[in-house]
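The values are calculated or read from the model by the stated rules, or taken from the named source; none is laboratory data. Note that the structure is predicted; figures quoted are calculated from it, not measured. Every residue, glycine among them, receives a Cβ derived from its backbone with ideal geometry; neighbour counts consider all protein chains shown.
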Amino acid sequence: MVYVAGIDIGSAFSKAVVMAENKIIAYQVLPSGGNYKLTAEQVTEKTLTKAKLSLKDIAYTVAIGYGAASVSFSSETASDISCLARGVYYLFPNARTAIDIGGQFTRVLKLDGRGKATSFLLSEKCAAGSGRFLQVIARVLQIDLEDIGELSLKSKNRVDFNTGCAVFAESEAVSRVAEGAAKEDILAGLHRTLAAKIQTMVERLGIEPDCAVVGGGAKDIGLVRSIEAGLACKLLVPDEPQIVAALGAALLAGEKVAKGG
Amino acid sequence: MKSQYFAGVDIGSTMTKVVVMNQTTLASVIGPTGPEHRKLANRVMEEALAKARLSFDEITYVVATGYGRINVPFADKQITEISCHARGVGHLLPEVRTVIDIGGQDSKGIKLKEGRAVDFVMNDKCAAGTGRFLEVTAEGLGVSLEEMGRLSLEAENRVEISSICTVFAAQEVVAKLSEGVALPDIIAGLHEAIAIRIYGMVRRLKIEREVALTGGGAKNIGLVKALEAKLGFPVLVPPEPLLTGAIGAALLGKDIVQEAAEKGETLVRSERRLTEASIFT
Amino acid sequence: MPGEITGGGLTTVDKYYQDYGCRARELKKQGKQIIGYLCAFTPVEIITAAGFIPFRIKGDVNEPITKADTEMETIVCPLVRSCFDMALKGKYEFLDGLVVPHACDSICRTYDIWKYSLNLPYAHFINMPHGTGDASLEFYQEVLNTFRTSLAKFAGKEISDQALAEAIKLHNQNRARVKELYQLRKASPPLISGEELTKVLIAAMSLPVEESIEMLGGVIDEVKGRGALFAQKPARIMVIGAQVDDIAFIKLIEDSGAWVVADDLCPGAREFLASVDVTADPIAGLAERYLRKIKCGRTYREMTGNYEEYLEDRFGHMGRMIDDFGVDRVVLYIYKYCDPYGFEVPQIKSYIEAKGTPVLYLEDEYSMSTIGRLRTRIQAFLELLVK
Amino acid sequence: MSEEKKPEERKKRRTATEAAAKIGPIQKANIQGVAQAREEGKKVAYTFICCCYDEIIRAMDIVPMWTETYAGICGAKRDAQRFLERAESENFSRSLCTYALCGLGFDAWREELGEMPPEAPWGGQVRPDMMLGSGQMLCDPRNKWYQAAQHYMPDVPIYDVGLPWPPYEDDYDYREVQDYYVKYIVKELKGLVKFLEKHTGKKMDWERLSELVDLTDKTWNLIWEAYELRRAVPTPMGTGDAMNTMVPMVFNMGTQEGYDYYKDLYDELKLKIANKEGVIPDEKYRLVWGGGLPSWFALSDFNYFNSKGAVFPVETTYRMIEAIYNFDMDLTKITDPLEHIAWRWVKFWTYWHDRARKRPGSHPDVERLIKYIEDYKIDGIVMHEAFSCRSWHVGLIWQLNQLKRVYRDIPSLILESDIVDISSYNEADTRARIDAFIDTLEAVKSR
Ligand SMILES: Nc1ncnc2c1ncn2[C@@H]1O[C@H](COP(=O)(O)OP(=O)(O)O)[C@@H](O)[C@H]1O
Ligand SMILES: Nc1ncnc2c1ncn2[C@@H]1O[C@H](COP(=O)(O)OP(=O)(O)O)[C@@H](O)[C@H]1O
Ligand code: SF4
Ligand code: SF4
Ligand code: SF4
């Protein structure tokens, strides 16, 4: 069996996927922390342990993401966009649009139905438009990132933010809580803010069904629902949305091996 | 005539400051505005009164200022931070013509004439360029705010911070640290980044000497030095820069009372009862 | 009783303001045709003369801009973006046509986007020159004639000189009423608040001119009838800028302890205070008004005399208004990406300050979300020491 | 007051053609020549490109100080920030044209000092005797900028030339209005000549003007022919170079040097084609630079594209010419030089109207893209949205949408940054976008 790996050292989380014969053998997600080099080693090691393999068993490794350059043992680095496209295609061959909500950017891709992106858009360099915003608020509200989605769905009385800055929103959220606002209502406000930004990007690119949503932000059901409401369409969400780009990187590695790379 | 007392309450985004004055400052208290403390401006006030050994009834006039000024139910009047900082600096450092105030949620430049504000500029839209930028990045680096200034002075090879966004800058510096860049060099880079932004903004006012630095940012020697390098001359810092706004508020209260007395008007005052404040209407 | 005044007073205004375009929608149902336009440089007289109802397209500060950003870059004046956003969202589904004058880059560069995206039966760009010299005036008359011919074709009938003269008379009458209303701001305290007046002018932009005249008459009667209603406030403010089509900003100033008593804004003094001269060829009078009489940053006024005289020529009307209306502070309120006014900020500011009136320059984004930020600035401005 | 220190100059960018490599010195001579000429007593005017007055100022021996270029040069040297900040501190919004801001910041500084700001790039922007603005559909800064500059130089007179052109409309054809456009422009140009005569004390030499107008016609034709050579596969010259070779096209029109430059370029391209010498040997993707001025501080991005196998045989930006003989009227018959200039202007701006009319829903800008896509065998479109200039950068999204509606879907990339303001630029980010775009090109190609 030929094993290949895709490693995505994201700004917030690092992901590794090991595949063989086009099937996922094992994967792992870890927070990126400060040291990308170290994280890269850890996430790979954990994945390999799960797969009961060692690094030398891997025929080809493709690294992507913010810290791709820190993956000293990769065979090559590739573009996030093309790996995302591959990953989405693998999971949802019918998807023609994909939204990736990552820690630093939100990306919107147009897909050709063969695993390639035909065009794409990236959000601005302001944390208020990225998944990082979710982390910031989750932290100050002292809620686990995993729980914010479900919780926000309980909102009856959305609180809209006075500020467009993620940092100030953090203190605003805190004061709101102190003044008695429910956490779910604050989260719902947060989701609305983010969803509106994402919606504009999607519409600018032109939405075509099916539309998939991936990246860490897709784990947030509240955000997903909010985007769905804005776009008036149902979104496809994979079971493990965060590893899609890493999966694409592994697929690319597979292609390379097949080509005899 | 019995002696008159004035209180200034500055509810900042980060710190709540209260002073009680007559001719001089009788008591001052600085407490965090932190989440759970936000509505507790009344506690800080109580503390200041206790220190000054006065009852609330004895205070002639209370002026509230700062980000949270709007909802201080026990204040007689609300006045913006801009006027208060100007008045405070005019009192403390009469030779000053330009004030740069670096607070937690905003930073501003104020032009002074005869100890009063005549023009100003302000940034409160993006955390980059405010004190919060340093708070967030310091937290990321695991350095206390107090240490930031001193550490940055040890820099030998300042690095450039490429992210404008505070959130991403915090992340960038963590990565830099893990790459082995020296901590002081990173911190100096942060100070440089914020100094560029603040200087660019304040310059709209046609900076005139002397220049005073107030607000929490002025407690950071690294930032002071970075701004001085931009200005090309030294700046003045009041003994306790955090209190400038509250002192100004108290003094403005005094001005109001005096003016009313001269005109023979009676002033409307709030009920002397300490209640909780809120930030949002 | 305000409700009983014929033509409706402030209550009617309120209705038209709150549900902007409701009257146009009704008229449309009755078979009238509505032509939407942008900017005070649209010669509405020609539209009225052709038998259409001119309707000024307005944005909405409360509504985040979303749809527009899918077709249009965001480096455009946010007011224009908001107008386009509202149009795309179907707020103005009753329009039969669109007329866009060559006002500023934001408007000029987006005309094609408007035209192709809204795809209305009629669209026309009025290629107004920038200069005000004789050659420019002559050229502009030709441009107006091109518009006249084009609109006549769409209407299926000539636009006669007589119809034009008639329309000019009506629109002048409308302007005269606004002027009368402005007189009521001169009292101290003013008889009509800035917020009310802004509402009136905005409501008027959405009505056929005859109805606007009637509504304004009702407002004047009501305001005069109610007498001195307002309390004294310590400051009288003039707002100078490009466009303000919502009361939020004016209200913010008035809530901060001042009256807004004068403006150089659109809609406002800039749009209403100059009237059209009656000329043998009505187009000549129109050209003269729009090109020379309206003083706006979009028009390039040739320099005659020295620099001081030049500034007087460009901004003298602001200075006179400050004197006539007893203004003691000026707010210069300009949107991001506004080229005509953005470049004039240092000159306007120093011109007015030289006259001894303090100026607060605010750059804004056309959104309610900035109101909180503006509040501190306005309050601080009102607290500033005035000599 | 201390100012930001000057950043180090970047090392020279590699060009494909000799002609492009020559531009640096030419441009430097252009700028430094202004100071020289001024010392010799010649009159200096602030000027804008694309304002029709090239031959007129040359015939009157006015020395042009091209203010947009000067800002562009500050940008290219990565030394514009201090001037932009200066303008901002004068209360000019950072959202305005950064050429204008850079220029205004420079003027404010120079006038305050009474001499050139320290270490001004290439000797600095010389104080003018007059400023020649323009009212037209190209942009507002063309008349607002110089008006604003008077705040610092109240004694410097301005002449503003009205130069409109007929818009593309459904309800009438430009031929119905072109006569009055031309009539107006001629009057405006006459006014300009009068203004120049007044301020120089010289009379216009009409014969010389006619000669220069002819020379410009010849140069236009030559440029068009030279640029069309780039259709060759592999293309001998890309947009990166064209951002240099455009210099004489916009700054040296109506001069023999300008003509000669394009003669050399033509010969060089011919030779390269004969030798099958391309920008890169193995072209994978041919792209059109479909809109927007470049980021002057990041021209090396074009080299980056090249390194990924992509070339730009054509661009819409700075292609400010068409072949005169392709116009729908015989311009040689118009012998009055001012009239000639006016017709050339109107014909240039209406050149694509007829094609657009033939394709329902189309538009001249879209037609031009379609023609280039076909003529130059284009695989994708790259545009640049510079935040500070509405003129060239609003409508890009719409053009792409429209292209898709009336023609076909073609991969496209819109880069976002600015012409001068480097703080809007992030190299890693830009290159990541380019990488991804290359991937999409591959995806489409391999279909
Ligand atoms: N369980 C979760 N629930 C909600 N959001 C999550 C969850 N896990 C991660 N996220 C969001 O996803 C983002 C990270 O997404 P990811 O695709 O890993 O980005 P990157 O590749 O930039 O690290 C975080 O900023 C966070 O907002
Ligand atoms: N001891 C200190 N050393 C350095 N910086 C400090 C110190 N104390 C406060 N600060 C800075 O001051 C800011 C708060 O300043 P302050 O003027 O009180 O603002 P606000 O009025 O908005 O609360 C914080 O963001 C922090 O950056
Ligand atoms: S507004 Fe806030 S989140 Fe956005 S860039 Fe500034 S600091 Fe970052
Ligand atoms: S506000 Fe300025 S940019 Fe906006 S439409 Fe008016 S003139 Fe144009
Ligand atoms: S075209 Fe754009 S870049 Fe050129 S001067 Fe006008 S606004 Fe500036």
Checklist entry - Based on what the data block shows, is B:Ser107 more than 16 Å from ligand 3 (Cβ to nearest atom) and of a type in the set (Gly, Ala, Ser)? => result no
Next on the checklist: I need a count of the residues in the range D:360-385 that are at the interface with another protein chain (Cβ under 8 Å from one of its Cβ atoms) and of a type in the set (Gly, Ala, Ser).
Outcome noted: 1
Item to check | Output for the range A:96-126, where each listed residue is within 16 Å of ligand 3 (Cβ to nearest atom), at pLDDT below 90 and farther than 16 Å from A:Ser32 by Cα | outcome: A:Leu122, A:Ser123, A:Glu124, A:Lys125, A:Cys126
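Yes/no matrix, rows are residues, columns are (1) free of Cβ contacts under 8 Å to residues at least 60 places away in the same chain; (2) farther than 21 Å from C:Glu383 by Cα; (3) more than 14 Å from chain D (Cβ to nearest Cβ):
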residue: B:Val181; (1), (2), (3): yes, yes, yes
residue: B:Ala188; (1), (2), (3): yes, yes, yes
residue: B:Glu240; (1), (2), (3): no, yes, yes
residue: B:Ala249; (1), (2), (3): no, no, yes
residue: B:Glu259; (1), (2), (3): yes, no, yes
residue: B:Leu267; (1), (2), (3): no, no, yes
residue: B:Ser270; (1), (2), (3): no, no, yes
Checklist outcome for this item: Of the residues in the range D:257-298, those that are closer than 18 Å to D:His393 by Cα and not hydrophobic (A, V, I, L, M, F, W, C) come to D:Gly290, D:Gly291, D:Gly292, D:Pro294, D:Ser295
Checklist outcome for this item: A careful count of residues in the range C:79-115 that are of a type in the set (Val, Ile, Thr), in contact with a His (Cβ under 8 Å, 6 or more places away or on another chain) and over 23 Å from D:Leu403 (Cβ atoms) gives 1
Next on the checklist: For a quick check of your reading: which helices (runs of 4 or more DSSP H) sit entirely within the range C:208-275 and have at least 3 residues that are touching a helix residue (DSSP H, G or I) at 6+ places or on another chain (Cβ under 6 Å)?
Outcome noted: C:209-226, C:248-255
Item to check | Output for the range D:125-151, where each listed residue is in a loop (DSSP other than H, G, I, E, B), at pLDDT below 95 and not hydrophobic (A, V, I, L, M, F, W, C) | outcome: D:Gln136
Checklist outcome for this item: For helices (runs of 4 or more DSSP H) lying entirely in the range C:64-172, having 2 or more residues that are facing another protein chain (nearest Cβ under 7 Å) picks out C:105-108, C:111-118, C:134-155
Checklist entry - Being closer than 25 Å to A:Cys165 by Cα, surrounded by 18 or more Cβ atoms within 10 Å (Cβ to Cβ), more than 13 Å from the chain's Cα centre (by Cα) and away from chain C (no Cβ under 14 Å), is that true of even one residue in the range B:37-49? => result yes
Checklist outcome for this item: Going through the range D:199-214 in order, the residues found to be in a helix (DSSP H, G or I) and touching a residue at least 60 places away in the same chain (Cβ under 8 Å) are D:His199, D:Thr200, D:Trp206, D:Arg208, D:Leu209, D:Ser210, D:Leu212, D:Val213
Checklist entry - When both residues are 6+ apart or on different chains and their Cβ atoms are under 6 Å apart, which pairs have a first residue that lies in the range A:216-244 and is away from chain C (no Cβ under 14 Å) and touching a residue at least 24 places away in the same chain (Cβ under 8 Å), and a second that is polar (S, T, N, Q) and more than 16 Å from ligand 4 (Cβ to nearest atom)? => result A:Gly216/A:Gln242; A:Gly222/A:Ser152
Next on the checklist: out of contact with any Phe, Trp or Tyr (no Cβ under 6 Å at 6 or more places or on another chain), surrounded by fewer than 18 Cβ atoms within 10 Å (Cβ to Cβ), among the β-branched types (Val, Ile, Thr) and farther than 17 Å from C:Met318 by Cα: is that true of C:Thr279 in this structure?
Outcome noted: yes
Next on the checklist: Could you go through the range A:198-208 and let me know if any residue there is under 30 Å from B:Gly140 (Cα atoms), more than 11 Å from chain B (Cβ to nearest Cβ) and either in a helix (DSSP H, G or I) or within 11 Å of ligand 1 (Cβ to nearest atom) (or both).
Outcome noted: yes
Checklist outcome for this item: Wholly inside the range C:310-387, helices (runs of 4 or more DSSP H) that include 3 or more residues that are within 14 Å of chain D (Cβ to nearest Cβ) and under 15 Å from C:Val239 (Cβ atoms) are C:345-354
Checklist entry - From the set of residues in the range A:26-71 that are in contact with a Lys or Arg (Cβ under 6 Å, 6 or more places away or on another chain) and in a strand (DSSP E or B), which is farthest from D:Arg431 (Cα to Cα)? => result A:Ala26
Checklist entry - Which pairs have Cβ atoms under 7 Å, sit 6 or more apart or on different chains, and link a residue in the range D:154-173 that is facing chain C (nearest Cβ under 7 Å) to one that is among the hydrophobic types (A, V, I, L, M, F, W, C) and assigned to a loop (DSSP other than H, G, I, E, B)? => result D:Pro157/C:Met303; D:Ile158/C:Met303; D:Pro164/D:Met137
Checklist entry - Among (1) of a type in the set (A, V, I, L, M, F, W, C); (2) within 11 Å of chain C (Cβ to nearest Cβ); (3) touching a Gly at 6+ places or on another chain (Cβ under 7 Å), which single condition is D:Met116 missing? => result (2)
Item to check | D:Leu413 vs. criteria within 11 Å of chain A (Cβ to nearest Cβ) and not in a helix (DSSP H, G or I) | outcome: yes
Checklist entry - Out of A:Ala218, A:Ala196, which single residue is touching a Ser or Thr at 6+ places or on another chain (Cβ under 9 Å) and closer than 18 Å to A:Ile137 by Cα? => result A:Ala196
Item to check | Selected residue (only one of D:Ile341, D:Ile434, D:Ile397 is closer than 30 Å to D:Glu188 by Cα and either assigned to a helix (DSSP H, G or I) or charged (D, E, K, R) (or both)) | outcome: D:Ile341
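A quick yes/no check of all residues on (1) in the same structural domain as B:Val121 (by TED's automatic domain parsing); (2) in a loop (DSSP other than H, G, I, E, B); (3) surrounded by fewer than 17 Cβ atoms within 10 Å (Cβ to Cβ); (4) in contact with a Ser or Thr (Cβ under 8 Å, 6 or more places away or on another chain):
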| site | (1), (2), (3), (4) |
| --- | --- |
| B:Glu146 | yes, no, yes, no |
| B:Leu151 | yes, no, no, no |
| B:Arg158 | yes, yes, no, no |
| B:Glu172 | yes, no, no, yes |
| B:Pro184 | yes, no, no, yes |
| B:Ile196 | yes, no, no, no |
Next on the checklist: Can you confirm whether A:Ile227 is more than 22 Å from A:Asp112 (Cα to Cα), surrounded by fewer than 19 Cβ atoms within 10 Å (Cβ to Cβ), assigned by TED's automatic domain parsing to the domain that holds A:Ser130 and among the aliphatic types (A, V, I, L, M)?
Outcome noted: no
Checklist entry - For the range D:416-439, which residues satisfy the criterion of being more than 8 Å from chain A (Cβ to nearest Cβ) and of a type outside the set (A, V, I, L, M, F, W, C)? => result D:Glu416, D:Ser417, D:Asp418, D:Asp421, D:Ser423, D:Ser424, D:Tyr425, D:Glu427, D:Thr430, D:Arg431
Next on the checklist: If I filter the range A:173-189 down to residues being within 14 Å of chain B (Cβ to nearest Cβ) and hydrophobic (A, V, I, L, M, F, W, C), which single residue comes out as farthest from A:Val244 (Cα to Cα)?
Outcome noted: A:Ala178
Checklist entry - Mind checking whether some residue in the range C:369-382 is within 16 Å of ligand 2 (Cβ to nearest atom), out of contact with any Cys (no Cβ under 9 Å at 6 or more places or on another chain) and among the hydroxyl-bearing types (Ser, Thr, Tyr)? => result yes
